[in-house]
1. May I ask you to verify whether ARG130 is more than 25 Å from PRO47 (Cβ to Cβ) and out of contact with any His (no Cβ under 6 Å at 6 or more places or on another chain)?
Amino acid sequence: MRLSIAFLLILIIAGCDGRNAGAPAASEQALPGGGKLDRSKAGRAAPDTEFLDPDGEKVTLAAFSGKPLLLNLWATWCAPCVAEMPTLDALAARDPGLQVLAVSQDIEGQEEKVAGFFKQRNLSRIEPYRDPQLSLMADLKAAVLPTTILYDSRGREVWRMTGAADWTGKDAARLLAEAQ
């Protein structure tokens, strides 16, 4: 059964500050900058959850198969999410072999809010996908924003990261190469 939107919002807000309390679990690796890398779900297929493309049409992650995919779950009100968005845009410009998909988890006024966010910050390589029902978060069991998941070209999870990251650095390049 899906978690209620209210419960998800509480979890998101609690985790959005980019500081996850406690030591990483055995399957996690702490990274510089506070993000935590988790490989415990490696090999799992991407869910067939529907969300909205920039035109408001329903789409699933299966539409992105064939090339590695970096899925980023974020929100306009989440400071760590906002801070990492320019690095995701730069990554998308630099690496044409990788699809970078940023899916907003904003609920109210999402279409206007997210489109305005992209325009105001001149994000030109990534597009404003939206998940107004928070279905991806629920189906992926993601409780923290930002959560970023790397899928290989067959749609299998390689790893996931909770917390913000600089996607333009050497550490990120090393991690992203794992999907090749």
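The values are calculated or read from the model by the stated rules, or taken from the named source; none is laboratory data. Bear in mind that the values here come from a model prediction, so they are computed numbers and not experimental data. All Cβ positions, even for glycine, are placed from backbone atoms using ideal geometry, and neighbour counts span all protein chains on display.
1. Working: more than 25 Å from PRO47 (Cβ to Cβ): no; out of contact with any His (no Cβ under 6 Å at 6 or more places or on another chain): yes.
Spelling it out, it is not the case that ARG130 is more than 25 Å from PRO47 (Cβ to Cβ) and out of contact with any His (no Cβ under 6 Å at 6 or more places or on another chain).
Every residue, every condition in (1) farther than 22 Å from ALA164 by Cβ; (2) among the polar types (S, T, N, Q); (3) at pLDDT 55 or above, yes or no:
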{"site": "SER40", "(1), (2), (3)": "no, yes, yes"}
{"site": "GLY43", "(1), (2), (3)": "yes, no, yes"}
{"site": "SER65", "(1), (2), (3)": "yes, yes, yes"}
{"site": "TRP77", "(1), (2), (3)": "no, no, yes"}
